[in-house]
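The values are calculated or read from the model by the stated rules, or taken from the named source; none is laboratory data. Fair warning: this is a prediction, and the values are worked out from it, not measured in the lab. For neighbour counting, all protein chains shown are included, and Cβ atoms are generated from backbone atoms with ideal geometry for every residue, glycine included. Each accessible area value is taken on the protein alone, full model and side chains, heavy atoms only, with ligands, DNA and RNA left out. Shrake-Rupley method; radii C 1.70, N 1.55, O 1.52, S 1.80 Å.
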Amino acid sequence: MHGLPEFHLLHPATVAEAVAMGQEEPGARFVAGGTDLLVNMRRLIAAPPTLIDLTDVAEMREITVEDGTLVVGAAATLAELAADPRVRRTWPVLATAAGTVAGPTHRQVATVGGNLCLDTRCIYYNQSEWWRWANDYCLKERGEVCHVAPGAPRCWAAFSGDLAPAALVMGAEAVVAGPDGARTMPLDDLYGDDGATPFRLGAGELLTAIRVPDPGGLRGDYAKSRVRGAIDFPLAGVAVALRRDGDHLADLRVALTATNVRPDLVTGTETLLHGPLDDDRLSALERLVGKQIQPMRSTVTSSQYRRRVAAALLRRLVAGLFAAE
């Protein structure tokens with residue numbers, strides 16, 4: 001890796017100041033933990049002239065519960081989210097997902113917003129400058145071809161954040177601040193369908209928090225597969241939330257990460273409700289998910305492996321949560 005390129009560092013104290021600085025500084029990037037962005041800067045993938053450090057914005061560091069809704073500031077660390085007793089008690093899937101990210105030292109500085117807005121990853125993109133130059137770069141950065149899918153008009157770099165699928169199955173909303181004020185939208189709407197431009201944020205907009213409603217009886221869990229049991233990004237990650245009514249499945253939500261260019265909330269799970277969770281339903285769920293994920297050769301393992309491990313994790317989580325009800 002290279003040393004960090006030169007940049008100007010700003011320290012806003014409020015969200016309004018951060019947004020204003022983003023407007024005044026062309027090409028500026030927001031940063032908190034920096035565990036993703038600073039690595040990309042050292043690889044010369046990114047070279048923003050200005051970094052706007054959000055760690056002094058107190059309103060973005062808070063984790064609160066307001067009328068039963070969990071509000072997590074985007075600058076709260078993953079370690080804080082994973083350890084919060086309210087989260088562990090009422091929204092345990094969020095604590096579990098946060099606690100699986102990278103290693104303990106990473107989680108002490110890495111933030112909720114940073115993981116939700118993690119840059120998409122690919123074996124052709126997350127490489128040294130000379131390696132990328134030798135391959136004529138790629139569609140995501142300075143090139144014209146996606147080496148994963150050369151005939152495709154878009155980038156197939158995969159989204160690999162752990163927290164997004166857990167938040168999606170719990171019905172989370174994203175709170176975004178920008179030059180035109182603040183807005184709230186379903187978290188699912190934050191993500192686009194192109195690895196080169198993965199987020200639907202306007203110019204100068206900033207994710208400030210997520211809002212997660214009361215589970216209302218939903219139980220959730222998250223699991224992932226990775227090459228090493230610590231540090232590595234997921235090859236496939238699955239979040240599940242369900243509610244049981246007697247021997248029947250009353251509600252089921254599934255979301256995945258690292259299998260597509262965005263975290264995907266699976267559609268059509270309502271067709272599996274109001275019946276017992278038997279092998280037929282589990283197999284039908286696997287087929288449903290299999291039709292909606294599209295892992296590509298953007299990681300160190302084959303796409304088929306990621307597809308099969310996602311199905312195995314899904315079956316294990318759903319069966320375990322149903323049995324625990």
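What the table shows:
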| read-out | value |
| --- | --- |
| Solvent exposure, largest accessible area first (probe 1.4 Å, DNA, RNA and ligands not counted), of Arg42, Arg211, Arg308 | Arg308, Arg42, Arg211 |
| Surface per residue (accessible, 1.4 Å probe) for the chain, Å² | 44 |
| Nearest-10 value in Å² for the accessible area of Val39, using the 1.4 Å probe | 50 |
| Cα-centre dipole for the range 48-205 with unit charges at Cβ (Lys and Arg positive, Asp and Glu negative), debye to 20 | 460 |
| Candidates Glu144, Glu62, Glu24: whichever shows maximal mean-square fluctuation once the chain is modelled as a Gaussian network with Cα springs under 10 Å | Glu24 |
| Options [x] 5, 19, 23, 20, 16, 9, 5, 2, 1, 0; [y] 5, 23, 36, 27, 8, 1; [z] 6, 26, 34, 24, 8, 2, 0 - which one matches P(r) over Cα pairs in 10 Å bins from 0, in percent as calculated here | [z] |
| Acute angle (nearest 10 degrees) that the helix 15-24 long axis makes with the longest principal axis of the chain, alpha-carbon atoms | 50 |
| Relative contact order [Cα under 8 Å, 6+ residues apart], the range 184-325, whole percent | 22 |
| Filtered trypsin sites (Lys or Arg not before Pro), the range 111-152: DSSP coil and at most 14 other beta carbons within 10 Å | none |
| Descending principal axes extents, the range 95-173, alpha-carbon based, whole Å | 41, 29, 15 |
| Selection from Thr105, Val254, Leu235, by position along the positive dipole direction of the chain (Cβ) | Leu235 |
| Protein accessible area in the range 172-325, 1.4 Å probe - carbon and sulfur % | 49 |
| The range 16-79: relative contact order as a whole-number percent, Cα under 8 Å and 6+ apart | 27 |
| Mean Cβ neighbour count within 10 Å, used as a protection proxy, ranking 46-53, 162-169, 277-284 highest first | 162-169, 46-53, 277-284 |
| In degrees, nearest ten, helix 279-292 long axis to first principal axis of the chain (Cα) | 20 |
| Accessible carbon and sulfur surface of the range 1-121 relative to its total accessible area, %, 1.4 Å | 53 |
